[in-house]
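The values are calculated or read from the model by the stated rules, or taken from the named source; none is laboratory data. Note that this is a predicted model, so its numbers are computed, not measured. Cβ placement follows ideal geometry from the backbone for every residue including glycine, while neighbour counts extend to all protein chains displayed.
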Amino acid sequence: MEQYRRVRDAIAADNLGLVYHLYSRSRLRHLDGDEVISDGMAALARAIDTFDPQRGFRFSTYACSAINRAFYRCSMEALKRRRRTPVAFETQCEHSDWLDTRRAEAARLYAERLTTLLASGCADLTPAERDVLTLRFPLEQGMRRETLAAIGARMHLSKERIRQIEKSGLSKLRTALEADPILR
């Protein structure tokens, strides 16, 4: 009897990785992993007890089948539990606007700090950069954004030169915003 127990323990120890491997290949991520692996190990123990080598199968083939059946039973039991305990659908819990609110608050703060930086002249913008940026990105409500071509025609410069001035001004504003102590 002691020898049988030692052989049984050795077979279980050698095939323990089989349970973890089959679990990793399964699509049972919605279930509690510990519960599924526990059922798989119990199935491995039953397979060791009921395996008959005279039938011509390898033990690992027999054990895989038993473990997969245990995983299937575990998922069916979880499905039954979910069906027995109905959960009311609450639309306010379905979608949270926390992230949208945080983004809107951050955008509002950045816009406020940007307006302050432009008014105080801390960004060291040239008059051309200031003109291009105020036409390109108007701060007042209702003002229409100008195109690069329209700004170029107004300032008697090419679209490409206006784009270069805009890029230079945005770079200076970005640097000033990064150095702003309130936004840190």
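For segment 22-48, a tally of residues being surrounded by 13 or more Cβ atoms within 10 Å (Cβ to Cβ) and either among the polar types (S, T, N, Q) or part of a helix (DSSP H, G or I) (or both) returns 17. When residues in segment 25-74 are screened for being touching a Leu at 6+ places or on another chain (Cβ under 9 Å) and either touching a residue at least 60 places away in the same chain (Cβ under 8 Å) or closer than 22 Å to ALA10 by Cα (or both), 10 of them pass.
Residue check: GLY142 meets all listed conditions (1) under 21 Å from THR115 (Cβ atoms); (2) part of a helix (DSSP H, G or I) but one, namely (2). When GLU160 is tested against (1) part of a helix (DSSP H, G or I); (2) surrounded by 15 or more Cβ atoms within 10 Å (Cβ to Cβ); (3) at pLDDT 90 or above, just one condition goes unmet, and that condition is (2).
The residue that is surrounded by the most Cβ atoms within 10 Å (Cβ to Cβ), among those in segment 106-134 that are among the charged types (D, E, K, R) and within 38 Å of the chain's Cα centre (by Cα), is ARG113. Within segment 162-180, residues that are among the hydroxyl-bearing types (Ser, Thr, Tyr) reach partners that are part of a helix (DSSP H, G or I) with beta carbons closer than 7 Å, at six or more positions or on different chains, in the pairs SER168/GLU129. The requirement of being under 17 Å from LEU173 (Cα atoms), exposed (fewer than 15 other Cβ atoms within 10 Å of the Cβ) and touching a residue at least 12 places away in the same chain (Cβ under 8 Å) is fulfilled somewhere in segment 135-153, by at least one residue.
For (1) more than 30 Å from VAL36 (Cα to Cα); (2) out of contact with any Leu (no Cβ under 8 Å at 6 or more places or on another chain); (3) assigned to a helix (DSSP H, G or I); (4) basic (Lys, Arg), each residue gets a yes or a no:
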| position | (1), (2), (3), (4) |
| --- | --- |
| LEU79 | no, yes, yes, no |
| ARG82 | no, yes, yes, yes |
| ALA104 | yes, yes, yes, no |
| GLU146 | yes, no, no, no |
| ALA149 | yes, yes, yes, no |
| GLY152 | yes, yes, yes, no |
| THR175 | yes, yes, yes, no |
| ARG184 | yes, yes, no, yes |
